[in-house]
Amino acid sequence: MKGAATGDVACDSYHRYKEDVALLKELNLTSYRFSISWPRIQTDGTGKPNPKGLDYYKRLADALLEAKIRPLCTLYHWDLPQKLEDAGGWPNRDLAARFTDYVDVTVRALGDRISHWCIFNEPWVFTFLGYGWGIHAPARKNFGDCMRATHVVNIAQGQAFRAIKAINSKLQVGTAFSMANCEPASSSDADRQAADRAHALGNVWFVHPALRGEYPKAFPGDNPLDLMGVKSGDMELCRAPLDFLGINYYRRQLVSAVPPGAGESATGVHNFDAHEGPLTDFAWEVWPDSFHDLLLRISREYKGVFLEITENGCSYLEMPDEHGRVRDDRRIQFLRGYLGALGGAMLHSVPVRAYHHWSLLDNFEWAEGYAQRFGLAYVDSRSQKRTIKDSGHWYAQLASTGKLT
(Lines give C-alpha, C1' and ligand atoms only; values in the text may rest on other atoms or scores of the structure.)
Protein backbone atom coordinates (compact mmCIF):
# COMPACT_ATOMS: atom_id res chain seq x y z
CA MET A 1 0.00 0.00 0.00
CA LYS A 2 1.16 3.54 -0.68
CA GLY A 3 2.69 5.15 2.39
CA ALA A 4 2.58 1.81 4.26
CA ALA A 5 -1.12 2.53 4.86
CA THR A 6 -3.49 -0.09 6.21
CA GLY A 7 -7.27 -0.33 6.28
CA ASP A 8 -7.33 -1.10 10.01
CA VAL A 9 -9.13 2.16 10.84
CA ALA A 10 -9.85 3.72 7.41
CA CYS A 11 -12.89 6.04 7.87
CA ASP A 12 -13.78 4.27 11.14
CA SER A 13 -17.35 3.96 9.90
CA TYR A 14 -17.66 0.84 12.08
CA HIS A 15 -17.82 3.13 15.12
CA ARG A 16 -19.16 6.24 13.35
CA TYR A 17 -21.97 4.71 11.27
CA LYS A 18 -24.65 6.81 13.00
CA GLU A 19 -22.72 9.97 12.14
CA ASP A 20 -22.37 8.76 8.55
CA VAL A 21 -26.08 7.95 8.20
CA ALA A 22 -26.80 11.49 9.45
CA LEU A 23 -24.41 12.73 6.73
CA LEU A 24 -26.33 10.75 4.09
CA LYS A 25 -29.55 12.33 5.31
CA GLU A 26 -28.00 15.81 5.19
CA LEU A 27 -27.08 15.12 1.55
CA ASN A 28 -30.74 14.13 0.81
CA LEU A 29 -29.68 10.66 -0.35
CA THR A 30 -32.20 7.81 -0.54
CA SER A 31 -29.90 4.82 -1.22
CA TYR A 32 -26.61 3.81 0.42
CA ARG A 33 -24.32 1.12 -0.93
CA PHE A 34 -22.07 -0.62 1.60
CA SER A 35 -20.21 -3.93 1.73
CA ILE A 36 -20.09 -6.77 4.22
CA SER A 37 -16.69 -8.10 5.29
CA TRP A 38 -16.71 -11.91 4.98
CA PRO A 39 -14.00 -12.38 7.69
CA ARG A 40 -16.14 -10.30 10.06
CA ILE A 41 -18.91 -12.94 9.64
CA GLN A 42 -16.73 -16.08 9.36
CA THR A 43 -13.09 -15.52 10.35
CA ASP A 44 -11.89 -18.65 8.56
CA GLY A 45 -14.55 -18.63 5.85
CA THR A 46 -16.55 -21.55 7.26
CA GLY A 47 -18.66 -22.48 10.28
CA LYS A 48 -21.06 -20.60 12.51
CA PRO A 49 -21.29 -16.85 11.89
CA ASN A 50 -19.92 -14.36 14.38
CA PRO A 51 -23.02 -12.77 16.00
CA LYS A 52 -21.13 -9.53 16.74
CA GLY A 53 -20.40 -9.09 13.04
CA LEU A 54 -24.01 -9.68 12.03
CA ASP A 55 -25.27 -7.38 14.81
CA TYR A 56 -23.21 -4.48 13.44
CA TYR A 57 -24.81 -4.81 9.99
CA LYS A 58 -28.26 -5.10 11.59
CA ARG A 59 -27.66 -1.82 13.43
CA LEU A 60 -26.42 -0.14 10.26
CA ALA A 61 -29.40 -1.36 8.20
CA ASP A 62 -31.84 -0.29 10.94
CA ALA A 63 -30.28 3.19 11.08
CA LEU A 64 -30.59 3.52 7.29
CA LEU A 65 -34.21 2.36 7.27
CA GLU A 66 -35.07 4.74 10.07
CA ALA A 67 -33.59 7.56 7.94
CA LYS A 68 -35.69 6.34 4.96
CA ILE A 69 -32.54 5.34 3.06
CA ARG A 70 -32.47 2.05 1.11
CA PRO A 71 -29.62 -0.28 2.17
CA LEU A 72 -27.91 -1.70 -0.96
CA CYS A 73 -25.61 -4.38 0.41
CA THR A 74 -22.61 -5.97 -1.35
CA LEU A 75 -21.73 -9.45 -0.07
CA TYR A 76 -18.13 -9.66 -1.33
CA HIS A 77 -15.78 -6.69 -1.68
CA TRP A 78 -12.42 -8.46 -2.12
CA ASP A 79 -11.63 -9.42 1.49
CA LEU A 80 -11.31 -13.21 1.27
CA PRO A 81 -10.72 -14.99 4.61
CA GLN A 82 -7.00 -15.79 4.73
CA LYS A 83 -7.54 -19.50 5.40
CA LEU A 84 -9.47 -19.82 2.11
CA GLU A 85 -6.74 -18.00 0.19
CA ASP A 86 -4.17 -20.36 1.76
CA ALA A 87 -6.29 -23.27 0.42
CA GLY A 88 -5.91 -21.91 -3.13
CA GLY A 89 -8.18 -18.88 -3.25
CA TRP A 90 -10.61 -18.24 -6.10
CA PRO A 91 -8.95 -20.65 -8.56
CA ASN A 92 -9.94 -23.43 -6.12
CA ARG A 93 -13.32 -24.77 -7.26
CA ASP A 94 -14.32 -25.64 -3.68
CA LEU A 95 -14.53 -21.93 -2.90
CA ALA A 96 -17.85 -21.59 -4.76
CA ALA A 97 -19.53 -23.79 -2.13
CA ARG A 98 -17.82 -21.99 0.78
CA PHE A 99 -18.96 -18.64 -0.61
CA THR A 100 -22.53 -19.85 -1.09
CA ASP A 101 -22.65 -21.03 2.55
CA TYR A 102 -21.46 -17.58 3.70
CA VAL A 103 -24.08 -15.86 1.53
CA ASP A 104 -26.79 -18.14 2.91
CA VAL A 105 -26.05 -17.43 6.60
CA THR A 106 -25.64 -13.69 5.97
CA VAL A 107 -28.83 -13.19 3.96
CA ARG A 108 -30.83 -15.34 6.40
CA ALA A 109 -29.69 -13.02 9.19
CA LEU A 110 -30.21 -9.73 7.34
CA GLY A 111 -32.79 -10.41 4.62
CA ASP A 112 -35.65 -9.15 6.80
CA ARG A 113 -34.03 -5.68 6.74
CA ILE A 114 -32.14 -5.58 3.44
CA SER A 115 -34.05 -6.23 0.22
CA HIS A 116 -31.41 -5.26 -2.39
CA TRP A 117 -28.16 -7.23 -2.70
CA CYS A 118 -25.02 -7.20 -4.86
CA ILE A 119 -23.33 -10.61 -4.85
CA PHE A 120 -19.87 -9.35 -5.87
CA ASN A 121 -18.06 -6.06 -6.26
CA GLU A 122 -16.04 -5.92 -9.48
CA PRO A 123 -15.29 -9.60 -10.09
CA TRP A 124 -13.03 -8.66 -13.04
CA VAL A 125 -10.79 -6.64 -10.74
CA PHE A 126 -10.19 -9.19 -7.99
CA THR A 127 -9.66 -12.04 -10.49
CA PHE A 128 -7.56 -10.38 -13.22
CA LEU A 129 -5.69 -7.86 -11.06
CA GLY A 130 -5.40 -10.29 -8.12
CA TYR A 131 -4.42 -13.54 -9.86
CA GLY A 132 -3.31 -12.49 -13.35
CA TRP A 133 -1.48 -9.18 -13.06
CA GLY A 134 -0.37 -9.12 -9.42
CA ILE A 135 -1.64 -5.58 -8.77
CA HIS A 136 -4.15 -6.42 -6.02
CA ALA A 137 -4.08 -9.11 -3.32
CA PRO A 138 -3.07 -11.93 -3.43
CA ALA A 139 -0.61 -10.48 -5.99
CA ARG A 140 -0.31 -13.59 -8.16
CA LYS A 141 0.81 -13.40 -11.79
CA ASN A 142 -0.52 -16.59 -13.35
CA PHE A 143 -2.90 -16.42 -16.32
CA GLY A 144 -4.14 -19.98 -15.74
CA ASP A 145 -4.98 -19.20 -12.10
CA CYS A 146 -6.72 -16.03 -13.23
CA MET A 147 -8.91 -17.77 -15.82
CA ARG A 148 -9.82 -20.57 -13.40
CA ALA A 149 -10.71 -17.94 -10.81
CA THR A 150 -13.10 -16.24 -13.25
CA HIS A 151 -14.95 -19.52 -13.81
CA VAL A 152 -15.20 -20.33 -10.10
CA VAL A 153 -16.54 -16.81 -9.48
CA ASN A 154 -19.18 -17.28 -12.20
CA ILE A 155 -20.28 -20.58 -10.63
CA ALA A 156 -20.33 -18.91 -7.20
CA GLN A 157 -22.43 -16.05 -8.57
CA GLY A 158 -25.04 -18.46 -9.93
CA GLN A 159 -25.14 -20.55 -6.77
CA ALA A 160 -25.32 -17.48 -4.50
CA PHE A 161 -28.17 -16.07 -6.60
CA ARG A 162 -30.19 -19.27 -6.16
CA ALA A 163 -29.40 -19.42 -2.43
CA ILE A 164 -30.69 -15.86 -1.91
CA LYS A 165 -33.85 -16.47 -3.94
CA ALA A 166 -34.49 -19.68 -1.96
CA ILE A 167 -34.53 -17.61 1.24
CA ASN A 168 -36.94 -15.02 -0.21
CA SER A 169 -37.80 -14.87 -3.91
CA LYS A 170 -38.75 -11.19 -3.57
CA LEU A 171 -35.20 -10.08 -2.69
CA GLN A 172 -33.58 -8.09 -5.51
CA VAL A 173 -30.19 -9.53 -6.52
CA GLY A 174 -27.45 -8.29 -8.85
CA THR A 175 -23.68 -7.75 -8.95
CA ALA A 176 -21.60 -4.55 -9.25
CA PHE A 177 -19.53 -4.97 -12.43
CA SER A 178 -16.56 -2.75 -13.33
CA MET A 179 -16.96 -1.50 -16.91
CA ALA A 180 -15.00 0.72 -19.29
CA ASN A 181 -16.19 1.91 -22.69
CA CYS A 182 -13.94 0.02 -25.13
CA GLU A 183 -13.36 2.11 -28.26
CA PRO A 184 -11.25 1.03 -31.26
CA ALA A 185 -8.00 3.00 -31.52
CA SER A 186 -8.54 3.33 -35.30
CA SER A 187 -11.28 2.69 -37.86
CA SER A 188 -9.70 -0.60 -38.99
CA ASP A 189 -11.73 -3.81 -38.85
CA ALA A 190 -8.98 -5.43 -36.77
CA ASP A 191 -9.20 -2.72 -34.10
CA ARG A 192 -13.01 -2.85 -34.09
CA GLN A 193 -12.93 -6.61 -33.55
CA ALA A 194 -10.29 -6.19 -30.83
CA ALA A 195 -12.49 -3.60 -29.08
CA ASP A 196 -15.38 -6.10 -29.12
CA ARG A 197 -13.13 -8.75 -27.55
CA ALA A 198 -11.96 -6.26 -24.92
CA HIS A 199 -15.61 -5.50 -24.14
CA ALA A 200 -16.38 -9.23 -23.84
CA LEU A 201 -13.53 -9.95 -21.43
CA GLY A 202 -13.44 -6.66 -19.51
CA ASN A 203 -17.13 -5.76 -19.25
CA VAL A 204 -19.41 -8.78 -19.65
CA TRP A 205 -17.30 -11.86 -18.81
CA PHE A 206 -19.34 -12.17 -15.59
CA VAL A 207 -22.64 -10.90 -17.05
CA HIS A 208 -23.03 -13.11 -20.13
CA PRO A 209 -22.72 -16.49 -18.32
CA ALA A 210 -25.36 -15.34 -15.78
CA LEU A 211 -27.87 -14.04 -18.32
CA ARG A 212 -27.09 -16.19 -21.40
CA GLY A 213 -25.52 -19.36 -19.98
CA GLU A 214 -22.31 -19.07 -22.04
CA TYR A 215 -19.07 -17.12 -22.16
CA PRO A 216 -18.88 -14.22 -24.64
CA LYS A 217 -16.31 -14.54 -27.44
CA ALA A 218 -13.22 -12.82 -26.01
CA PHE A 219 -10.35 -14.57 -27.85
CA PRO A 220 -9.43 -14.66 -31.57
CA GLY A 221 -9.88 -18.45 -31.46
CA ASP A 222 -12.01 -20.44 -29.02
CA ASN A 223 -12.28 -19.34 -25.39
CA PRO A 224 -9.80 -21.40 -23.27
CA LEU A 225 -12.49 -23.46 -21.51
CA ASP A 226 -10.07 -26.31 -20.65
CA LEU A 227 -7.64 -23.88 -19.00
CA MET A 228 -10.60 -22.42 -17.09
CA GLY A 229 -11.62 -25.84 -15.78
CA VAL A 230 -15.10 -25.75 -17.37
CA LYS A 231 -16.88 -29.07 -16.86
CA SER A 232 -20.06 -30.50 -18.36
CA GLY A 233 -23.09 -28.84 -16.78
CA ASP A 234 -21.12 -25.88 -15.44
CA MET A 235 -22.79 -23.24 -17.59
CA GLU A 236 -26.16 -24.11 -16.07
CA LEU A 237 -24.58 -23.55 -12.64
CA CYS A 238 -23.45 -20.09 -13.82
CA ARG A 239 -26.94 -19.06 -14.92
CA ALA A 240 -28.54 -16.35 -12.79
CA PRO A 241 -31.36 -14.14 -14.11
CA LEU A 242 -30.07 -11.10 -12.23
CA ASP A 243 -32.70 -8.54 -11.24
CA PHE A 244 -30.31 -5.69 -12.03
CA LEU A 245 -26.80 -5.06 -13.31
CA GLY A 246 -24.71 -2.77 -11.13
CA ILE A 247 -22.24 -0.70 -13.17
CA ASN A 248 -19.06 0.79 -11.70
CA TYR A 249 -17.86 3.27 -14.32
CA TYR A 250 -14.70 5.40 -14.29
CA ARG A 251 -12.98 5.56 -17.68
CA ARG A 252 -12.88 4.71 -21.35
CA GLN A 253 -10.26 2.56 -23.01
CA LEU A 254 -8.79 2.68 -26.49
CA VAL A 255 -8.16 -0.75 -28.01
CA SER A 256 -5.86 -1.85 -30.81
CA ALA A 257 -5.33 -5.31 -32.27
CA VAL A 258 -2.00 -7.05 -31.68
CA PRO A 259 -0.81 -10.53 -32.71
CA PRO A 260 -2.16 -13.05 -30.15
CA GLY A 261 0.49 -14.42 -27.81
CA ALA A 262 0.54 -16.48 -24.63
CA GLY A 263 -1.15 -15.74 -21.32
CA GLU A 264 -3.06 -12.49 -21.05
CA SER A 265 -1.96 -11.45 -24.58
CA ALA A 266 -3.87 -14.46 -26.00
CA THR A 267 -6.83 -12.13 -26.56
CA GLY A 268 -4.90 -10.23 -29.23
CA VAL A 269 -5.76 -6.83 -27.78
CA HIS A 270 -3.77 -3.91 -26.47
CA ASN A 271 -6.00 -1.66 -24.39
CA PHE A 272 -4.97 1.53 -22.64
CA ASP A 273 -6.68 4.38 -20.85
CA ALA A 274 -7.62 7.29 -23.10
CA HIS A 275 -6.06 10.64 -22.14
CA GLU A 276 -7.60 13.09 -24.61
CA GLY A 277 -9.86 14.81 -22.10
CA PRO A 278 -8.92 16.56 -18.85
CA LEU A 279 -7.47 14.28 -16.16
CA THR A 280 -8.43 13.83 -12.52
CA ASP A 281 -5.72 13.86 -9.84
CA PHE A 282 -5.63 10.06 -10.26
CA ALA A 283 -4.76 10.69 -13.97
CA TRP A 284 -8.11 9.22 -15.09
CA GLU A 285 -9.69 10.90 -18.11
CA VAL A 286 -12.94 12.89 -17.79
CA TRP A 287 -15.04 11.99 -20.86
CA PRO A 288 -18.78 11.79 -20.09
CA ASP A 289 -19.82 10.79 -23.64
CA SER A 290 -18.17 7.39 -23.12
CA PHE A 291 -20.38 6.77 -20.07
CA HIS A 292 -23.47 7.52 -22.17
CA ASP A 293 -22.27 5.18 -24.96
CA LEU A 294 -21.49 2.31 -22.56
CA LEU A 295 -24.96 2.53 -20.96
CA LEU A 296 -26.61 2.42 -24.39
CA ARG A 297 -24.55 -0.62 -25.38
CA ILE A 298 -25.29 -2.61 -22.20
CA SER A 299 -29.02 -1.87 -22.35
CA ARG A 300 -29.04 -2.91 -26.03
CA GLU A 301 -27.18 -6.18 -25.39
CA TYR A 302 -29.18 -7.14 -22.28
CA LYS A 303 -32.64 -5.79 -22.99
CA GLY A 304 -35.12 -5.52 -20.16
CA VAL A 305 -32.64 -5.71 -17.26
CA PHE A 306 -32.59 -2.76 -14.86
CA LEU A 307 -29.28 -0.94 -14.42
CA GLU A 308 -28.00 0.70 -11.26
CA ILE A 309 -24.92 2.92 -11.29
CA THR A 310 -23.24 1.42 -8.25
CA GLU A 311 -20.09 3.56 -8.60
CA ASN A 312 -18.99 6.60 -10.58
CA GLY A 313 -16.65 9.27 -9.31
CA CYS A 314 -13.33 11.08 -9.37
CA SER A 315 -10.33 11.75 -7.16
CA TYR A 316 -9.37 15.38 -6.58
CA LEU A 317 -7.06 16.38 -3.76
CA GLU A 318 -8.48 19.76 -2.65
CA MET A 319 -7.93 20.41 1.07
CA PRO A 320 -9.90 22.57 3.52
CA ASP A 321 -8.96 26.26 3.24
CA GLU A 322 -8.31 28.58 6.22
CA HIS A 323 -12.08 28.75 6.81
CA GLY A 324 -12.44 24.96 6.75
CA ARG A 325 -14.18 25.00 3.36
CA VAL A 326 -13.28 22.48 0.63
CA ARG A 327 -13.68 24.21 -2.75
CA ASP A 328 -13.69 21.28 -5.19
CA ASP A 329 -15.26 22.85 -8.27
CA ARG A 330 -13.67 20.23 -10.55
CA ARG A 331 -15.76 17.50 -8.89
CA ILE A 332 -18.92 19.56 -9.45
CA GLN A 333 -18.05 19.88 -13.14
CA PHE A 334 -17.35 16.13 -13.28
CA LEU A 335 -20.73 15.33 -11.74
CA ARG A 336 -22.54 17.76 -14.01
CA GLY A 337 -20.98 16.09 -17.05
CA TYR A 338 -21.54 12.47 -16.04
CA LEU A 339 -25.04 12.96 -14.67
CA GLY A 340 -25.90 14.86 -17.86
CA ALA A 341 -24.64 11.87 -19.87
CA LEU A 342 -26.70 9.55 -17.66
CA GLY A 343 -29.80 11.68 -18.23
CA GLY A 344 -29.20 11.55 -21.97
CA ALA A 345 -29.01 7.74 -21.85
CA MET A 346 -32.26 7.59 -19.88
CA LEU A 347 -33.95 9.74 -22.54
CA HIS A 348 -32.96 6.93 -24.94
CA SER A 349 -34.93 4.48 -22.73
CA VAL A 350 -31.93 3.07 -20.84
CA PRO A 351 -33.59 1.67 -17.66
CA VAL A 352 -31.35 3.18 -14.94
CA ARG A 353 -33.03 3.23 -11.53
CA ALA A 354 -30.27 4.51 -9.21
CA TYR A 355 -26.97 6.41 -9.21
CA HIS A 356 -24.40 6.10 -6.41
CA HIS A 357 -21.47 8.50 -6.41
CA TRP A 358 -18.16 7.01 -5.30
CA SER A 359 -17.84 7.92 -2.59
CA LEU A 360 -19.54 9.44 0.42
CA LEU A 361 -16.23 9.80 2.30
CA ASP A 362 -12.55 10.09 1.47
CA ASN A 363 -11.59 6.50 2.17
CA PHE A 364 -8.97 3.73 2.08
CA GLU A 365 -8.44 3.09 -1.64
CA TRP A 366 -6.85 -0.39 -1.63
CA ALA A 367 -3.37 -0.25 -3.25
CA GLU A 368 -3.52 3.58 -3.23
CA GLY A 369 -3.97 3.74 0.54
CA TYR A 370 -5.04 7.31 1.42
CA ALA A 371 -3.30 8.95 -1.55
CA GLN A 372 -6.58 9.49 -3.47
CA ARG A 373 -9.69 11.37 -2.33
CA PHE A 374 -12.99 10.40 -3.94
CA GLY A 375 -15.39 11.64 -1.24
CA LEU A 376 -18.18 14.18 -1.21
CA ALA A 377 -17.03 14.68 2.39
CA TYR A 378 -13.40 15.37 3.35
CA VAL A 379 -12.07 13.08 6.09
CA ASP A 380 -9.18 14.12 8.33
CA SER A 381 -7.61 10.71 8.90
CA ARG A 382 -6.10 11.77 12.24
CA SER A 383 -9.21 13.24 13.88
CA GLN A 384 -11.74 11.42 11.63
CA LYS A 385 -13.64 14.72 11.31
CA ARG A 386 -15.96 14.80 8.29
CA THR A 387 -16.37 18.05 6.31
CA ILE A 388 -18.89 18.25 3.47
CA LYS A 389 -17.09 19.58 0.37
CA ASP A 390 -18.63 22.16 -1.97
CA SER A 391 -19.43 19.23 -4.28
CA GLY A 392 -21.35 17.55 -1.45
CA HIS A 393 -23.50 20.66 -0.93
CA TRP A 394 -24.09 20.85 -4.70
CA TYR A 395 -25.01 17.15 -4.78
CA ALA A 396 -27.45 17.58 -1.87
CA GLN A 397 -29.20 20.35 -3.81
CA LEU A 398 -29.38 18.11 -6.89
CA ALA A 399 -30.76 15.21 -4.84
CA SER A 400 -33.53 17.38 -3.39
CA THR A 401 -34.54 19.11 -6.66
CA GLY A 402 -33.57 16.62 -9.38
CA LYS A 403 -32.20 19.53 -11.44
CA LEU A 404 -28.62 19.77 -12.74
CA THR A 405 -28.75 23.52 -13.33
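The values are calculated or read from the model by the stated rules, or taken from the named source; none is laboratory data. Please read these numbers as outputs of a predicted model, since none were measured by experiment. Every residue, glycine as well, gets a Cβ built from its backbone with ideal geometry; the counts of neighbours run over all protein chains shown. Accessible surface areas use protein heavy atoms only, side chains included; no ligands, DNA or RNA. Shrake-Rupley method; radii C 1.70, N 1.55, O 1.52, S 1.80 Å.
Using heavy-atom solvent-accessible surface (probe 1.4 Å) with all chains present, what is the largest-first order of 135, 69? Numbers along the way, then the final one.
On the way: 135 100, 69 5 Å².
Final ranking, largest accessible area leading: 135, 69.
Using the Karplus relation 6.51 cos²θ - 1.76 cosθ + 1.60 with θ = phi - 60°, the per-residue 3J(HN,Hα) values for region 116-123 come to 10, 10, 9, 6, 10, 10, 6, x Hz, with x marking Gly and Pro.
Distance between the 7 Å Cα→Cβ label points at residue 187 and residue 92: 5.4 nm.
If you place +1 on the Cβ of every Lys and Arg, -1 on the Cβ of every Asp and Glu, and leave all else neutral, what size is the dipole of region 125-225 about its Cα centre, to the nearest 20 Debye?
Details: 10 positive and 7 negative charges, 101 e Å.
With Lys and Arg at +1 and Asp and Glu at -1, about 480 debye.
Proximity of backbone amide H atoms, modeled 1.01 Å from N, is registered between residue 250 and 179 at under 5 Å, excluding neighbours fewer than 5 places apart on the same chain.
Just 382, 336, 59 to compare: in a GNM of the chain, with alpha carbon springs under 10 Å, which one fluctuates most? Highest fluctuation of the listed residues: 382.
Close amide H contacts of residue 328 (hydrogens built in the peptide plane, cut-off under 5 Å, sequence separation of 5 or more or a different chain): 390, 391.
Applying both filters, DSSP loop and at most 14 other Cβ atoms within 10 Å, to the chymotrypsin sites (Phe, Trp or Tyr not before Pro) of region 1-109 eliminates every site.
A 18 angstrom limit on the alpha carbon distance is what I want to check against. Which of 48/83; 25/68; 25/389; 18/403; 18/385; 18/58 exceed it? Show your work: numbers first, answer last.
Working: 48/83 15 Å; 25/68 9 Å; 25/389 15 Å; 18/403 29 Å; 18/385 14 Å; 18/58 13 Å.
In this structure, 18/403 lie more than 18 Å apart at Cα.
Counting only protein heavy atoms and a probe of 1.4 Å, the accessible surface of the chain is 52% carbon and sulfur.
The mean accessible area for residues of region 130-276, using a 1.4 Å probe and ignoring ligands and nucleic acids, is 40 Å² per residue. For the chain, the equivalent ellipsoid built from the Cα gyration tensor has semi-axes of 31, 27, 21 Å, listed from largest to smallest. Measuring r between the beta carbons of residue 380 and residue 333 and using R0 = 30 Å, the FRET efficiency lands at 0.75.
Computed about its Cα centre, the charge dipole of region 318-405 is approximately 300 debye, with only Lys, Arg, Asp and Glu carrying charge at their Cβ. Label-to-label distance, residue 219 versus residue 112, with points set 7 angstrom from Cα along the beta-carbon direction: 4.9 nm.
For region 288-387, the list of GluC sites (Glu not before Pro) that fall in a loop by DSSP and count at most 12 other C-beta atoms within 10 angstrom reads 322. Karplus-derived 3J(HN,Hα) values for region 53-68, using 6.51 cos²θ - 1.76 cosθ + 1.60 with θ = phi - 60°, are x, 5, 4, 4, 5, 5, 5, 4, 4, 4, 5, 5, 4, 4, 8, 6 Hz; glycine and proline are entered as x. Towards the positive end of the charge dipole of region 193-255, with charges on Cβ (+1 Lys, Arg; -1 Asp, Glu), say which of 227, 207, 194 has the farthest Cα. Looking along the dipole axis, the top candidate is 194.
State to the nearest 20 debye the size of the charge dipole of the chain about its Cα centre, where the only charges are +1 on K and R beta carbons and -1 on D and E beta carbons. Show your work: numbers first, answer last.
Details: 46 positive and 48 negative charges, 231 e Å.
So the magnitude is around 1100 debye.
Under the combined filter of DSSP loop state and at most 15 neighbouring Cβ atoms within 10 Å, region 190-269 retains these trypsin sites (Lys or Arg not before Pro): 217, 231. Here's the picture: a label point sits 7 Å out from the Cα of residue 348 along the beta-carbon direction, and within region 287-324 the residues with their amide nitrogen under 12 Å of it are 289-301. Applying the Karplus relation 6.51 cos²θ - 1.76 cosθ + 1.60 with θ = phi - 60° to region 324-336 yields 3J(HN,Hα) values of x, 9, 9, 8, 10, 4, 5, 5, 4, 5, 4, 4, 4 Hz, where x marks Gly and Pro.
When the chain is described by a simple charge dipole with +1 on each Lys and Arg Cβ and -1 on each Asp and Glu Cβ, the residue from 269, 137, 360 located farthest towards its positive end is 360. Comparing Cα centroids, region 119-191 and region 89-118 end up 16 angstrom apart.
Distances between placed amide hydrogens fall under 5 Å for residue 11 paired with 364, all partners being 5 or more residues away or on another chain.
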